[in-house]
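Enquirer: Mind having a look at this structure? Questions to follow.
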Amino acid sequence: MNDVIILGAGPAGMTAAIYCARKQLNVKVLTTDVGGQTLWSGGIENYLGFDYIKGSDLVDKFEKHLKNFKVDMVYKTAATIVDSRDGWAVEDGDGHKHQAHTIIIATGKSPRQLGVSGEDKFRGRGVTYCATCDAPLFAGSDVAVVGGGNSGVEAALQLADIAAKVYLIESDPELTADEVLEDKVYDHKNVEVLTGTTVTGIDGDILLESLDINADGRPRRLAVTGVFVEIGLTPNSAIVKGLVKLNETGEIVVDRSGRTSRPGIFAAGDVTDEPAKQIIIAAGDGARAALTAYDYLLYLV
Ligand SMILES: Cc1cc2nc3c(=O)[nH]c(=O)nc-3n(C[C@H](O)[C@H](O)[C@H](O)COP(=O)(O)OP(=O)(O)OC[C@H]3O[C@@H](n4cnc5c(N)ncnc54)[C@H](O)[C@@H]3O)c2cc1C
């Protein structure tokens, strides 16, 4: 029986694991990958201690740090969580059961993808899912933003001050963002809004070079080096649906200490209703959830 099972090894899960191990807890991490969304970031300029670091290099450093501690790593996706005697049982995709007194959910979010050819190949080489993080890497370039809702229009506004030219692409006949944002975007001379337009493919050599679009059956190729996909993120919370309280967007509702609505289940990072989705915040959340789980265990036994 473990004291804690942590689901996910992004910044939240890895930090939680280190904090649990330093408290001498018997800790297991079940995870689909090591690194989570940080692996998707081409370059990070806002993590304390690093002026600039590639996402994959930061993950290597996190993982190396984690290996200093006694943490049982299981590289499997968690499929279900059920109430069991003295705690919880997590079943992985292979049907194996893992038991613990407490669980920390740190399963993050997954960006919705376009699902067009070239998207996987050029991820991190021009295709990005986070304008806040990656916009500065495209200073002076021609780029496209896909998605005409609030996040897409906000991304286009951010990029308008940095990039040479911004194409804002929306499949609906109109943008679907707040009017105040739409007004602002139409004021920018270097933003071309293309509504009623779908993306059909992404192309390039080593790096991304072009985006194929189609409007009313008329294909067009845009020469861009960056494509910002802003069509939403999905919290990876399906595993706790019906078990803990979720908000209307499917995020796990937590209190200031990382407690969910269910005693013994804690959550941290992007999967929660914490509004700011950043690495440093997810890491802090992971630390907090681990310390709260530790306190909970003190009173349990
Ligand atoms: C392209 C991109 C660039 C970004 N750039 C920056 C940046 O420059 N600076 C910044 O601060 N933030 C950036 N972010 C945001 C940042 O990456 C996230 O806020 C942070 O990674 C959230 O950490 P997390 O641990 O909560 O979740 P995640 O990083 O999403 O990690 C979740 C973990 O859970 C695992 N998992 C999911 N489901 C299951 C399951 N059922 N069972 C087991 N494991 C599971 C995943 O494999 C993963 O290991 C960026 C995000 C993206 C997408």
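Enquirer: Within 10 Å of each residue's Cβ, count the other Cβ atoms and sort Glu230, Glu63, Glu179 from fewest upward.
Expert: Glu179, Glu63, Glu230
Enquirer: Mind putting a number on the dipole of the range 113-229 about its Cα centre? Charges go on the C-beta only, +1 for Lys and Arg and -1 for Asp and Glu, and I need it in Debye to the nearest 20.
Expert: Working: 9 positive and 20 negative charges, 90 e Å.
Roughly 440 debye for the range 113-229.
Enquirer: Which value, to two decimals, describes the C-alpha radius of gyration of the chain once divided by 2.2 N^0.38 Å?
Expert: 1.09
Enquirer: Now a separate question. Going down the table (Lys61/Lys245; Lys28/Lys64; Lys54/Lys277), which pairs top 24 Å between alpha carbons?
Expert: Lys61/Lys245
Enquirer: What is the sum of charges around Ile105, taking Lys and Arg as +1, Asp and Glu as -1, for the other residues whose C-beta is under 13 Å from the C-beta of Ile105?
Expert: Surrounding charge for Ile105 is 0.
Enquirer: How much net charge surrounds Ala268 when only other residues with a Cβ under 14 Å from its Cβ are counted (Lys, Arg +1; Asp, Glu -1)?
Expert: Numbers: positive: Lys109, Arg256, Arg259, Lys277, Arg288; negative: Glu251, Asp255, Asp270, Asp273, Glu274, Asp285.
Overall, the nearby charge balance is -1.
Enquirer: Still on this model: Amide H to amide H, which residues 5 or more places from Tyr167 or on other chains are under 5 Å from it, using H placed in the peptide plane?
Expert: Val143, Ala144, Val145, Glu192
Enquirer: I'd like the FRET efficiency for Asp178 and Lys245, computed as 1/(1 + (r/R0)^6) with the beta carbon distance as r and R0 of 35 Å, rounded to 0.05.
Expert: The pair Asp178/Lys245 has a calculated efficiency of 0.80.
Enquirer: Using the basic label-point model (7 angstrom from Cα toward the beta carbon), what is the Asp120 to Asp203 distance in nanometres?
Expert: Reported label-point gap for Asp120 and Asp203 is 2.0 nm.
Enquirer: Can you bin every Cα-Cα distance in the range 214-301 into 5 Å intervals starting at zero and give me the percent of pairs per bin, rounded to whole numbers?
Expert: In order of increasing distance, the bins hold 3, 13, 19, 18, 14, 7, 6, 6, 5, 5, 3, 1, 1, 0 percent.
Enquirer: With N denoting the number of residues in the range 49-159, provide Rg(C-alpha) divided by 2.2 N^0.38 Å, to two decimal places.
Expert: 1.48
Enquirer: Send over the semi-axes of the range 113-229's equivalent ellipsoid, whole angstrom and largest first, taken as the square roots of 5 times the C-alpha gyration tensor eigenvalues.
Expert: Equivalent ellipsoid of the range 113-229: 20, 17, 12 Å, largest first.
Enquirer: Another question, if that's okay. Under the rule that an exposed site lies in a DSSP loop and has at most 16 other Cβ atoms within 10 Å, name the longest stretch of the chain with no chymotrypsin sites (Phe, Trp or Tyr not before Pro) of that kind, not counting the sites themselves.
Expert: The longest such stretch corresponds to 76-301.
Enquirer: Restricting attention to the chain, give the cysteines that have no other cysteine Cβ less than 4.7 angstrom from their Cβ.
Expert: Those would be Cys20, since no other cysteine Cβ in the chain comes under 4.7 Å of theirs.
Enquirer: Listing Leu48, Leu194 from the residue with the fewest other Cβ atoms within 10 Å to the one with the most, what is the order?
Expert: If I rank by nearby Cβ atoms, fewest first, I get Leu48, Leu194.
Enquirer: Sticking with this structure for a sec: Rank the residues Val143, Val90, Val193 as a footprinting-exposure proxy: fewest other Cβ atoms within 10 Å of their Cβ go first.
Expert: Ranking Val143, Val90, Val193 by Cβ neighbours within 10 Å, fewest first, gives Val193, Val90, Val143.
Enquirer: Then there is this: Compute the separation of the alpha-carbon centres of the range 107-147 and the range 157-203 and state it in Å as a whole number.
Expert: Here the two parts' Cα centres lie 15 Å apart.
Enquirer: When the Karplus curve 6.51 cos²θ - 1.76 cosθ + 1.60 is applied with θ = phi - 60°, which whole-Hz ³J(HN,Hα) does each residue of the range 201-207 get, with x for Gly and Pro?
Expert: x, 10, 9, x, 10, 7, 10
Taken together, the values in this text are just the output of simple stated rules run on the coordinates, not laboratory data. In this text, all values refer to a predicted model and were calculated from it rather than measured experimentally. Note that we place each Cβ from the backbone using ideal geometry, even for glycine, and neighbour counts take in every protein chain shown.
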